[in-house]
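Worksheet: the structure to be examined is printed underneath.
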Amino acid sequence: MLTVQARPRRSVKKKLRVCERHVKSAQMENSSSELVFVLHGLNETKTKRQIFFGLSILAYVFTIFVNLTLIVTIFLERILHEPMFIFLCNLCVNDICGSTSFYPKLQIDLLSDFHLISYSACIIQIFGISTYYLCELSNLTVMAYDRYVAICKPLEYHSIMTPRKVQMLVQMTWFLSLIATIVGIVIIVRQPMCESRIEKLYCVNWDMVKLSCIETILNKLYGSFLIVFHLLQFMLIITSYILITRTCVQSQAERNKFMETCLPHLITLGTFAISLSFDVVSARFSSDTSLQALRNSLSIMYLIVPPILNPLIYGLKLKQLRKIVWRRFNSKITALK
């Protein structure tokens, strides 16, 4: 019985040795001596890769479809050119960018026996995924502010949320996210790498920092900055909803407005926060190879769940948007007949 259980472990170790040889050969063949990393997240999923590949294709196509449906609908319908829908459109664009930073590389690895990624490709993936989650939280913060103005200051809404201000807020979500991402990448690029083993399905800042030969104070300062930045965003969201709740208690009409427009935002925010916290929890299992599948599942939740659920939550809950999407869908079906 003991010998039967030992075989899979020997096969995994053998595969890892072969993979490491491929890394060395790839680095020797590369004229620019570019580093090559090994992604160890898929080592335990050999027998189920075809199933996972099929599911990932379906998830990616569905994510692109539902988000593009909302983007195109909001773009074509002039009645939806309001701040709330513009911010929702921005959220959908960001979800497509985040999914595209993750799914294609995962699908390539599911079809390959050797899960390698070059240094430049790793940096590009870090750029895409980091920008995604930073922009997601920034956009949700802006949407909370928009709901605060709409419910707490309805008479002043259009004078406050002018087209110019809406444009500025959308640009700000991307500008802050891109700056924070670029700073993190510059810090990583300046550090020498001593290891090539990444314990995830994808590249991310913290895993790259752990591969560095040295630990600099810049890493700690950057990490502290992100923590403070996220805490400020959460404080703005919480403050907005405290004021919104205080206003809604006084009026039935405002309570109805809260249920229709604020509830989807709260569900979206909760989904993203819980999914992102799963990635933090997965880091606790990084030293236990027997929990690789669990670690994989937890670490990719924030890349899979929010981009799928966000357009569905808003599309089903917002009556105005739901009617327009359904009308367009029916017209397309009728035209095909």
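For the full complex of protein chains and a 1.4 angstrom probe, list Glu136, Glu254, Glu260 by accessible area with the highest value first.
Details: Glu136 0, Glu254 35, Glu260 70 Å².
Largest accessible area first, the residues go Glu260, Glu254, Glu136.
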TODO: Could you calculate the FRET efficiency of Leu226 with Ser118 from 1/(1 + (r/R0)^6), where r is the beta carbon distance between them and R0 is 22 Å, rounded to 0.05?
DONE: 0.25
Open item on the list: Taking 0.36 nm per residue of sequence separation and subtracting the Cα-Cα distance, how much length would be gained by fully extending the chain between Ile217 and Met235, in nm to one decimal?
Closed with: 3.8 nm
TODO: Could you tell me which of the pairs Lys165/Lys319; Lys165/Lys323; Lys200/Lys220 are separated by over 24 angstrom between their Cα atoms in the structure shown?
DONE: Lys165/Lys319; Lys165/Lys323
Task: Hypothetical label at Phe53: residues of the range 85-122 whose amide nitrogen lies under 12 Å (7 Å Cα-Cβ projection) - done: 107-114
TODO: Any chance you could get the radius of gyration and Dmax over the Cα atoms of the range 114-180, in Å?
DONE: 17.1, 60
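Among Ser240, Ser118, what's the order by accessible area (1.4 angstrom probe), most exposed first? The partial results should precede the final answer.
Values: Ser240 15, Ser118 35 Å².
Final ranking, largest accessible area leading: Ser118, Ser240.
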- [ ] Quick one: accessible surface of Lys153, probe radius 1.4 Å, all protein chains present, in square angstrom to the nearest 10.
- [x] 80
- [ ] Tell me the label-point distance for the pair Ser297, Met168, using the 7 Å Cα-to-Cβ offset, in nm and rounded to one decimal.
- [x] 4.7
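Let me know the Kirkwood hydrodynamic radius for the range 95-229, please, with Cα pairs as the basis and the value in Å to one decimal.
On the way: mean 1/r = 0.0586 Å⁻¹.
Kirkwood hydrodynamic radius for the range 95-229: 17.1 Å.
The values are calculated or read from the model by the stated rules, or taken from the named source; none is laboratory data. Keep in mind that this is a model prediction, so the values were computed, not measured. Backbone-built Cβ (ideal geometry, glycine too); neighbour counts: all protein chains shown. Ligands, DNA and RNA are stripped out before the accessible areas are found, and what is left, the full protein with its side chains, is counted by its heavy atoms. Shrake-Rupley method; radii C 1.70, N 1.55, O 1.52, S 1.80 Å.
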